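First up is the structure itself, then whatever we jot down about it.
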Amino acid sequence: MRTPRREPSNGQPPRLAAAVAQITSTINARQPETNVLKALRDAQVLCEEVGGQSAGELQILVQQLNTVLDAWQRVWPRMGQQQDFRLAVSREAELWSRRLLAQAKSPERVG
């Protein structure tokens, strides 16, 4: 029985997951807007790097995350002071981090 191959990742999904988790940490630590925006930018830069080096399901996931990060960066200056918004972004970033880690561990789907 053949074991399914993993997508080549060069450890990128865990690095990206850590960058996204940093968004959660920054928000939860109630750091200033500039720090949150920096965490968002840093994650997006890494997201673009990983997206260019990935394929298949990982590439789709990273493209979706890139869209989310872009939206958060555009909305943060206007909504970042609202506790409900901060909490929502923090929770969603945590979910994205988990998805990336799960993707890194799952075999590539054949078919």
In the stretch 55-81, how many residues are under 17 Å from L40 (Cα atoms), more than 12 Å from the chain's Cα centre (by Cα) and not small (G, A, S)?
-> 8
Within the group Q103, Q64, Q44, which residue is in contact (Cβ under 8 Å) with a residue 60 or more places away in the chain and in a helix (DSSP H, G or I)?
-> Q103
Taking into account only those residues within the stretch 57-111 that are of a type in the set (V, I, T) and modelled with pLDDT under 95, which is surrounded by the fewest Cβ atoms within 10 Å (Cβ to Cβ)?
-> V110
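The values are calculated or read from the model by the stated rules, or taken from the named source; none is laboratory data. These numbers come from a predicted model, not from an experiment. Cβ atoms come from the backbone with ideal geometry, glycine included; neighbour counts cover every protein chain shown.
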